[in-house]
1. For the pair HIS59 and SER41, how long in nm is the line joining their label points, each one 7 Å along Cα→Cβ?
2. Which length gain, in nm to one decimal place, applies between ALA48 and LEU73 when the Cα-Cα distance is subtracted from 0.36 nm times their residue separation?
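No value in this document is a laboratory result; all are computed from the given coordinates. Since this is a predicted model, take the numbers as computed values, not measurements. Every residue, glycine among them, receives a Cβ derived from its backbone with ideal geometry; neighbour counts consider all protein chains shown.
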Amino acid sequence: MKPNPESLDGRPSPKRYRWWRFIEHSLPVIVIYLMVATLVSFVVAYAAVAWLLRFVAHHTMVVFAVYRVSLGLVLVALLATGVVSAT
């Protein structure tokens, strides 16, 4: 351990030691979680785009447009009745 210029006995100050302990012990776990979350997001997004492109290649856009318009109308109805709030 390098001597701390802020302390005379060479030990780190408690505040700095807490941050160092957090970085030393928690950061690798956070980085692993972030990597797993990024990988899962990539796989799900890739699958969704692949499915949509395959769907559009074999079907007309009319089915997709009807689906989107109907979903939009349901959402507008839920907002108008107050079942779902806009914020």
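1. Going by the 7 Å Cα→Cβ label model, 2.8 nm.
2. Full-extension gain reported as 6.7 nm.
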